[in-house]
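Below is one structure; the comments refer to it alone.
The values are calculated or read from the model by the stated rules, or taken from the named source; none is laboratory data. Since we're looking at a predicted model, the values are computed, not measured. Note: ideal-geometry Cβ built from the backbone for every residue, glycine included; neighbour counts use all protein chains shown. Keep in mind that these areas ignore ligands, DNA and RNA; they rest on the heavy atoms of the full protein, side chains included. Shrake-Rupley method; radii C 1.70, N 1.55, O 1.52, S 1.80 Å.
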Amino acid sequence: MTVINLHKGQAMAEFIIVLPLLILMLFGIIQFASISLDRVKLAMVERELMRFMTSESEKPEILESFAKEYAAVEGLNPDLLAVSTGEGEKTEQKGILGDLMENFTGVTINLEYICKTSPLFEKITGKEGIKLKTSIYSAKGGPLKFVLTEKQAEKVREYGMEVSDEAPVH
């Protein structure tokens, strides 16, 4: 009987050692889910803001108030949402889209939301929240315009050829 009790004691000691790690992992999963949910809500605000821009393009001064109002509807804290606009700003995107957006001449609207984190996450990272960013690109006063270099135009043509090769034939 003493052998069985020793194994129970060892299992209990191992469990006590591993328990804080399991709790930390659980809090991490919950925090990640919360941040992901806020990211989806921010994407919904972004979508509605684009719809608003296309229907109310003559009222750009109320974009921020509309974005904050819709953020509140989606369950985001409007005080933590920042909206900024610019004309023909350089983008931070990478790849073919980033190369094309380098010469963008329309309007850029940037949304930035501070996602609050749990006190445990704040103590571990030393940050009060995580910054979620997204951008909307829209034409201003006419069609969306890109000024392409010859190299960029060739990339677009190559991409078009690849897509047309993959398209089903009816």
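Computed quantities for the displayed model
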quantity	calculated
Test set (1) within 30 Å of Val156 (Cβ to Cβ); (2) modelled with pLDDT under 65 - Val3 fails condition number	(1)
Lone qualifier among Val45, Val73 - being open to solvent by 90 Å² or more (accessible area, probe 1.4 Å) and modelled with pLDDT of 90 or more	Val73
Considering residues of the range 144-168 that are modelled with pLDDT of 70 or more and part of a loop (DSSP other than H, G, I, E, B) only, the residue surrounded by the most Cβ atoms within 10 Å (Cβ to Cβ)	Leu148
Selection within the range 98-113 - open to solvent by 30 Å² or more (accessible area, probe 1.4 Å), at pLDDT below 90 and within 17 Å of the chain's Cα centre (by Cα)	Asn110
